[in-house]
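Novice: Input: one structure, supplied below.
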Amino acid sequence: MTTKISTGLANYLLGVGSVRQALANSVLRVYSGEAPATSDSAVPGSAVLLAEFTVDGEGGGLTLAATANGGVISKNPDEAWRATALATGVATWFRWCLPNDTGVASTTAVRLQGTVNTAGAELNFSSVNFAAGAIQKVDYFAVAMPAS
């Protein structure tokens, strides 16, 4: 699976501003189970929210670095993206969205969605086995524009 952007994010990028602006003060939600076919789709009822990452795991919204380099923009290096796992399970996919996103089907919500694994995914962890109550962290996260 490649990173999928929602219609809402595509429209924002085409007519309003940057990925950095669109996803300012956002959250990164990691789920177990099968991912929705598109980022416009609703979170499936069988999906389990394993963790919601915020700044220091304290609810502050996530941001990206001030500048991009080589067509890539990374997480803000001044932020620690952390979460306390809400459930035990195997992380398989993520949705990066605004905190008020309820996960229903939407063509206006700003979302970025991808896979989770230990290597070769859009979001990699040292282990995809999350245990309820354990602290999880994201050390590296980047968004790249497709090559021309």
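Novice: Starting from the Cα gyration tensor of region 53-148, take the square roots of the eigenvalues, sort them a ≥ b ≥ c, and report rounded, prolate or oblate (rounded when a/c is under 1.5, otherwise prolate if a/b is larger than b/c, else oblate). Mind dumping the intermediate values first?
Specialist: Details: a/c = 1.38, a/b = 1.28, b/c = 1.08.
Rounded shape, in that the Cα axes give a/c under 1.5.
Novice: Right, another one. Tally up the carbon and sulfur contribution to the accessible surface of region 24-71 as a whole percent, 1.4 Å probe, everything protein left in place. Numbers along the way, then the final one.
Specialist: Values: 1000 of 2090 Å².
That fraction is 48 percent.
Novice: Now for a different question. Once R0 is set to 41 Å, what does the formula 1/(1 + (r/R0)^6) return for the Cβ-Cβ distance between ALA132 and LEU14, expressed as a FRET efficiency to the nearest 0.05? Spell out each step's value before the answer.
Specialist: Numbers: r = 40 Å, r/R0 = 0.98.
The value I calculate is 0.55.
Novice: To the nearest 20 Debye, how big is the dipole of the chain about its Cα centre, given +1 on the beta carbon of each Lys and Arg and -1 on that of each Asp and Glu? Intermediate values should be presented prior to the final figure.
Specialist: Working: 8 positive and 10 negative charges, 34 e Å.
The calculated dipole for the chain is roughly 160 debye.
Novice: Using a probe radius of 1.4 Å on heavy atoms only, what accessible surface per residue do you get for region 35-108? Whole Å² is fine.
Specialist: Working: 3500 Å² over 74 residues.
Heavy-atom accessible area per residue stands at 47 Å².
Novice: A further question follows. In terms of modelled amide H atoms, which long-range or inter-chain residues lie less than 5 Å from the amide H of THR54?
Specialist: Distant-sequence amide H within range of THR54: GLY59, ARG82.
Novice: Can you work out ³J(HN,Hα) from phi for every residue in region 75-90, in order, using Karplus 6.51 cos²θ - 1.76 cosθ + 1.60 and θ = phi - 60°, giving whole Hz and x for Gly and Pro?
Specialist: Per-residue couplings from phi come out as 4, 4, x, 7, 10, 9, 8, 9, 7, 9, 4, 8, 8, 9, x, 9 Hz.
The values are calculated or read from the model by the stated rules, or taken from the named source; none is laboratory data. Worth saying up front: this structure is predicted, and the values here are computed from it rather than measured. Methodologically, a virtual Cβ is constructed for each residue, glycine included, from the backbone with ideal geometry; neighbour enumeration extends over all protein chains shown. Keep in mind that these areas ignore ligands, DNA and RNA; they rest on the heavy atoms of the full protein, side chains included. Shrake-Rupley method; radii C 1.70, N 1.55, O 1.52, S 1.80 Å.
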